[in-house]
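The values are calculated or read from the model by the stated rules, or taken from the named source; none is laboratory data. This structure is a prediction, so every number in the text was calculated from the model and none was measured. Every residue, glycine as well, gets a Cβ built from its backbone with ideal geometry; the counts of neighbours run over all protein chains shown. What goes into the accessible areas is simple: the full protein's heavy atoms, side chains included, and nothing from ligands, DNA or RNA. Shrake-Rupley method; radii C 1.70, N 1.55, O 1.52, S 1.80 Å.
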Amino acid sequence: MGSIVIAIPEGEASVSVPPIIEKKNKLVDSLVHVISFLGENRNRNDVRKIIHSIKVGIALVLVSLLYLLDPLYTQVGENAMWAIMTVVVLFEFFAGATLSKGLNRGIGTILGGGLGCLAAAFAQEIGGVGNAIVIGACVFIFGAVATYSRLVPRIKKRYDYGAMIFILTFNLVVVSGLRAEKILQVARERLCTIVMGFVVCIFTSLLVFPIWASDDLHDSVTSKFEDLALSIETCLDEYFSIGSEKENQPKFSFNSCKSLLYSKSKDESLANFARWEPWHGKFGFSYPWEKYLQIGEVLRDMAATTLSFKGCLRSPRQSSETLRASIKEPCEVVGSSLAWTLRELGGSIKKMRRCQTVALIMPKLKSMRQELSVVALVSPSTLGGQLQNSDGVLEIASFVFTLMEIIDKVEELTKQVEELGELASFRANK
């Protein structure tokens, strides 16, 4: 078969690209950007895991010197084992987590050991049968109170490990049956070796390629804006695809929205660790991490609303192409504006700068809401009986009102990001 050659006259070399193809190219570019970002994140996480493993090995070697070097072993003796146990128990992936556990362990050990020594000394003074009664009463009272404190949400979130160590240390000391003088000596020696292990952990975690939970939380929140923007664009593109174009297009999986819904516990853990971290890089003391959690809640609400598009896309009673064409243009304009707004807000947090377009975003969101309200009211009168008899009436209405719900969420999100900029003292654009 011969090939057909189409000659392009001079001066007409530029070919106009249809809007659908141009839109698909933008969508493909966005997907490529997200995939490359995920690939970079995976490689970055692998490297960080290797670094963390090496740091743990270094810390264990350092505390093992208490056993390996005779002068050090002479000073600490068998208590060197407590330093090794401290490193194994305390060393966590994030610097904030290591610092949190270390301080909790130190406070729990000091309080538990101190109160245990006082209770044991008091029991020794009473002597006889009263000795056992006093010890039993102290174990019951302090154990019950400490256990109850672990059930209080605010204490459990930040000091649960310290309360557990307090219970363990107090019981070990008070029921040891040793004389008061020996109890103080053992407690002092073990506390010294625990402090040695803690210092090694903090030194290695904070000074040797530190891994900050605050950086992870910051990147996690900002990436969710891009995920939601891409989800909205992809949903609209699939919803308004027609004919063979829709058959050849892969179906949107909603995986990014689902993963966002299950990110609450991870975000709360990162925020808790970030509060313990010292001033580093762009994050100072008393940084408003609570505001990050509030923004995450709004993002999860928006992801749940976006998931409701699934009913429109996968419904067995699809509306006709004529019905969808009647709302296509205003809905696509709204969808593009929402995606742009989300990317602007995410970029504002990522670069830690004031979003200068906030003054433009709020009026734009209100005009979008009014435009969709007009679409919802005008479409039935425009299509007349065809719309009334169509099985896709509810599906069209659901789609439009879902977009309106997303507009409300974006408006709330804009206010939260603006408040974060004020609390965190984001710099203004020049």
If we ask which residues in the stretch 188-202 are surrounded by fewer than 18 Cβ atoms within 10 Å (Cβ to Cβ) and either of a type in the set (S, T, N, Q) or within 29 Å of the chain's Cα centre (by Cα) (or both), their number turns out to be 1
When residues of the stretch 253-279 are limited to those that are free of Cβ contacts under 8 Å to residues at least 60 places away in the same chain and aromatic (F, W, Y), the one least open to solvent (accessible area, probe 1.4 Å): F254
Out of all the residues in the stretch 345-352, is one or more among the hydrophobic types (A, V, I, L, M, F, W, C), out of contact with any Gly (no Cβ under 9 Å at 6 or more places or on another chain), assigned by the TED database to the domain that holds L217 and in a helix (DSSP H, G or I)? yes
Per the filter on the stretch 143-167, residues modelled with pLDDT of 90 or more and either in the same structural domain as E277 (by the TED database) or among the basic types (K, R) (or both) are R150
Find all pairs meeting these conditions: Cβ atoms under 6 angstrom apart; at least six residues apart or on different chains; first residue within the stretch 314-332 and assigned by the TED database to the domain that holds R369 and in a loop (DSSP other than H, G, I, E, B); second residue open to solvent by 60 Å² or more (accessible area, probe 1.4 Å) and at pLDDT below 70. R317/D391
Give the residue that is farthest from the chain's Cα centre (by Cα), with candidates limited to residues of the stretch 304-324 that are open to solvent by less than 40 Å² (accessible area, probe 1.4 Å) and at pLDDT 70 or above. L323
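To keep it simple, each residue is scored yes or no on (1) among the aliphatic types (A, V, I, L, M); (2) at pLDDT 90 or above.
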residue	(1), (2)
T193	no, no
V200	yes, yes
T204	no, yes
D215	no, yes
H218	no, yes
V221	yes, yes
E226	no, yes
I232	yes, no
Subset of the stretch 85-108 [part of a helix (DSSP H, G or I) and open to solvent by 20 Å² or more (accessible area, probe 1.4 Å)]: M85, V88, V89, L99, K101, L103, R105, G106, I107
Within the stretch 40-53, can one find any residue that is part of a helix (DSSP H, G or I), among the hydrophobic types (A, V, I, L, M, F, W, C), modelled with pLDDT of 90 or more and surrounded by fewer than 17 Cβ atoms within 10 Å (Cβ to Cβ)? yes
Take the stretch 402-430 and flag every residue that is assigned to a helix (DSSP H, G or I) and charged (D, E, K, R). E405, D408, K409, E411, E412, K415, E418, E419, E422
I'd like to verify a number: residues in the stretch 203-215 that are part of a helix (DSSP H, G or I) and open to solvent by 30 Å² or more (accessible area, probe 1.4 Å), how many? 4
Return the residues of the stretch 333-344 that are open to solvent by less than 60 Å² (accessible area, probe 1.4 Å) and either outside any helix (DSSP H, G or I) or touching a residue at least 60 places away in the same chain (Cβ under 8 Å) (or both); say none if nothing qualifies. V334, G335, L338, A339, T341, L342
Looking at the stretch 282-303 only, could you name the residues that are at pLDDT 90 or above and open to solvent by 50 Å² or more (accessible area, probe 1.4 Å)? E290, Q294, E297, D301
Residue that is open to solvent by less than 80 Å² (accessible area, probe 1.4 Å) and either modelled with pLDDT of 90 or more or more than 30 Å from K291 (Cα to Cα) (or both), where the choices are F140, F122, F170: F170
